[in-house]
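To start, the structure itself, in structure tokens.
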Amino acid sequence: SVFAISMLALPNYSKGFYNNNTTELVTTNDSSTVILAIKGMTCTACENHITHALVGSKGVIRSAASYETGTATIIYDDEQTDIKKLSTIIQTKTGYEVLGKKK
């Protein structure tokens, strides 16, 4: 029962598992923004998992995921990464399916 209660409360304390170090936002003329549709997110823990995987990746300047809209908004450096690489990072590091670029 303790385990079940812990799992039910996971979305409320999941942020504690991720590093909260903030970095200065650096943008260049080569930065782009993309919104990717993602299948399978159901809670804030899902959002945190995707955001954490992206922020630690080369070329990602900032990212934010939303389970409510089923999307991840990513600001990235065009010279260091691209949409295909970002999609691969999400799928391999988190297991969520990237449905493509949201229009």
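Read-outs: derived from the displayed coordinates by stated rules, not from any lab. Computed from a prediction, not measured in an experiment: that's the story for all the values here. Note: ideal-geometry Cβ built from the backbone for every residue, glycine included; neighbour counts use all protein chains shown.
On full extension, the segment bounded by residue 88 and residue 68 gains 5.0 nm, given 0.36 nm per residue less the C-alpha separation. Residue 97 label point, 7 Å along Cα→Cβ, cut-off 20 Å on backbone N: hits in segment 29-70? Hits in segment 29-70 for residue 97 at 20 Å: 35-43, 46-47, 49-51, 66-70. For segment 43-103, the spread of Cα coordinates along the three principal axes comes to 32, 24, 18 Å, biggest extent given first.
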